[in-house]
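The next block holds one structure in the form of structure tokens; read it before the comments.
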Amino acid sequence: MESVSLGAALGPAIARGLHYLHQHQYPNGQFCCYTAADAPMQDWCVPDDVLFPTTLISSCLLPLAAHPEADAMLTRTTGFLQYQMQHGGLWRHFARRHPWYHLCPPDIDDTTCASAVLRARGIDCPRPSNVPLLLANRNRDGLFYTWFVLRSRWQPNRTHWRVTLPELRRRGQGELPALCLHGRRRARRRLRL
């Protein structure tokens, strides 16, 4: 008897939650999120154009995809995530329109969450899989680095180089640094730069 009353109470609560999220999703599929100076958000509060909250909300909506409202939100979110994806199947913390977009390189947290949402929705994206690139972004002990940036040891993954070298050039560094024993000439030859 208690489970019947609990189930009857969950339906309206889920509907209210879906309605709230629907009202706080932008037309591009991103969910509204805020940055504030204090925890109760009483001092100042501004919308923040970042990916992580959208991927987390979408992950929570996946089990509710049978609800038409949840499915519509997930469909919009998948379009948003596909638009935000960079070469190699990577994502950054900040969305493309954020003024700090170029300050932070692609990161593993947003990348794994966005990839999981897209795969759960049956979207074979990124194609080819970004798993080899994720696995290449580890230290010698097998621990994952947070950001996809140039490292001081040789990286044999070509996609890693294609992702990180433009960042180096964009920041005005110009030349490939001598990052490893293989040197600049071998790196250029391998990448056909």
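The values are calculated or read from the model by the stated rules, or taken from the named source; none is laboratory data. Everything numeric here is computed off the predicted structure, so don't read it as measured data. Using ideal geometry, Cβ is built from the backbone for each residue, glycine included, and neighbour counts are taken over all protein chains shown. What goes into the accessible areas is simple: the full protein's heavy atoms, side chains included, and nothing from ligands, DNA or RNA. Shrake-Rupley method; radii C 1.70, N 1.55, O 1.52, S 1.80 Å.
A few notes on this one:
- Candidate set from segment 139-152 (those that are open to solvent by 70 Å² or more (accessible area, probe 1.4 Å) and modelled with pLDDT under 90); member that is farthest from Leu118 (Cα to Cα): Ser152
- Segment 60-81 residues that are among the acidic types (Asp, Glu), paired with ones that are part of a helix (DSSP H, G or I) and open to solvent by less than 30 Å² (accessible area, probe 1.4 Å) (beta carbon under 6 Å, 6 or more apart): Glu69/Leu18
- Residues in segment 8-46 that are assigned to a strand (DSSP E or B), open to solvent by 60 Å² or more (accessible area, probe 1.4 Å) and aliphatic (A, V, I, L, M): Val46 only.
- Summed over segment 57-77, the residues that are out of contact with any Cys (no Cβ under 8 Å at 6 or more places or on another chain) and either under 23 Å from Pro132 (Cβ atoms) or open to solvent by 10 Å² or more (accessible area, probe 1.4 Å) (or both) give a count of 14.
- Segment 77-97: number of residues that are touching a helix residue (DSSP H, G or I) at 6+ places or on another chain (Cβ under 9 Å) and assigned to a helix (DSSP H, G or I): 6
- Residue check, Cys60 farther than 17 Å from Val149 by Cα and either among the charged types (D, E, K, R) or touching a strand residue (DSSP E or B) at 6+ places or on another chain (Cβ under 9 Å) (or both): no
- Residue within segment 101-123 that is more than 30 Å from Leu143 (Cα to Cα) and not in a helix (DSSP H, G or I) present: no
- Selection of segment 47-76 for residues being over 26 Å from Pro99 (Cα atoms), in contact with a helix residue (DSSP H, G or I) (Cβ under 9 Å, 6 or more places away or on another chain) and not in a helix (DSSP H, G or I) yields Ala65, His67.
- Gly142, sole failed condition from (1) closer than 30 Å to Leu10 by Cβ; (2) without any contact (Cβ under 8 Å) to a residue 12 or more places away in the chain; (3) of a type in the set (Gly, Ala, Ser): (1)
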